[in-house]
Amino acid sequence: MRMLWPTPLDDVTDDDLERLYGFPGDLDRPWVQVNFVSSADGAATLDDRSEGLSSPADKRIFLLGRDLADVVLVGAGTARAEGYRGARTTPERQDRRRRLGLTELPPIAVVSGSARIDPESSLFTDTKVPPIVITTAAAPEDRRAALAEAGADVILAGDQVIDLTTALKELNARGLRRIDCEGGPLLFGELIAAGLVDQLCLTVAPVLAGAGAPRIAMGRTAVEAARLDLASILSEDGFLMLRYRKTA
């Protein structure tokens, strides 16, 4: 992997990536990083999954995002489509989290306004850390109870629809400020509309997917466009790994 900007570097190490992608120190509020991969023509999926657009370099940064985070945030649709389970680790990655003063593994926080999540899914049955479910007061009480019984920390954020500002406040109250959002497009669109995105890590794949696939952001229209500053550009095998930060 090469760094093209801001400092040209032919062989980017894990330490280099950690410095580039690390969350700000001494956070006193939730800080949201969003990870996405898209085709060169803007598609978020290939054959209905992001996997077809990924690469070893993209996966390296994806896993790093988890290593540096307090919590992984994901929409329920993406969790189902991608077969989510609890976060995994290796001794090397575990050492990194320990050195950074983080817990052994970040919990997966799933956003579902209806709480329509299977309590027997791998999110619950194949994990070392109980998941968090962010839902609404309008979600059926029996579903919420079943998820809590299965071990989830159920957060109510909003009455009829998810209020992401409230959701982040609840995560913050649990000491979960470094938030690594892995999609999907509807959740990303809502975060943009609410002005809650601090950093976007976007991998652009050298693929033309054609019409039909969703964009990386969908749903509610933002009141105004959010300006970003380009923070770094990496490249490997034709893939571009772009990092943007919210303009100060």
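The values are calculated or read from the model by the stated rules, or taken from the named source; none is laboratory data. Because the structure is a prediction, the values reported are computed rather than measured. Cβ sites come from the backbone with ideal geometry, for glycine too, and all protein chains shown count toward neighbours. Quick note on the areas: whole protein, heavy atoms, side chains included, nothing else; ligands and nucleic acids left out. Shrake-Rupley method; radii C 1.70, N 1.55, O 1.52, S 1.80 Å.
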Task: Filtered residues of the stretch 27-86 (kept if over 16 Å from the mean Cα position of the chain (by Cα) and of a type in the set (D, E, K, R)) - done: D28, R29, D41, D47, D48
- [ ] Considering every residue within the stretch 177-198, establish whether at least one is more than 23 Å from R243 (Cα to Cα) and open to solvent by less than 60 Å² (accessible area, probe 1.4 Å).
- [x] no
Open item on the list: Please determine whether any residue of the stretch 20-37 is surrounded by 16 or more Cβ atoms within 10 Å (Cβ to Cβ) and part of a helix (DSSP H, G or I).
Closed with: yes
TODO: Answer with yes or no whether G219 is on the phi > 0 side of the Ramachandran plot and modelled with pLDDT under 95.
DONE: yes
Task: Checking S122 against (1) open to solvent by 50 Å² or more (accessible area, probe 1.4 Å); (2) among the polar types (S, T, N, Q); (3) closer than 28 Å to A213 by Cβ, the condition it does not meet - done: (1)
Task: Residues being open to solvent by 20 Å² or more (accessible area, probe 1.4 Å) and in contact with a helix residue (DSSP H, G or I) (Cβ under 9 Å, 6 or more places away or on another chain) - total across the stretch 62-87 - done: 9
- [ ] Return the total of residues in the stretch 105-119 being within 25 Å of G65 (Cβ to Cβ) and surrounded by fewer than 19 Cβ atoms within 10 Å (Cβ to Cβ).
- [x] 1
Open item on the list: Just the residues that are among the basic types (K, R), in contact (Cβ under 8 Å) with a residue 12 or more places away in the chain and either under 21 Å from S122 (Cα atoms) or open to solvent by less than 10 Å² (accessible area, probe 1.4 Å) (or both), please, taken from the stretch 38-61.
Closed with: R49
Task: Subset tally (residues that are touching a residue at least 40 places away in the same chain (Cβ under 8 Å) and charged (D, E, K, R)) for the stretch 16-27 - done: 1
TODO: State which residue pairs qualify: first residue over 14 Å from Q33 (Cα atoms) and open to solvent by 70 Å² or more (accessible area, probe 1.4 Å) and inside the stretch 217-232, second residue of a type in the set (A, V, I, L, M, F, W, C) and assigned to a loop (DSSP other than H, G, I, E, B) in any location, beta carbons under 7 Å apart, and separation of 6 or more residues or different chains.
DONE: A226/V197
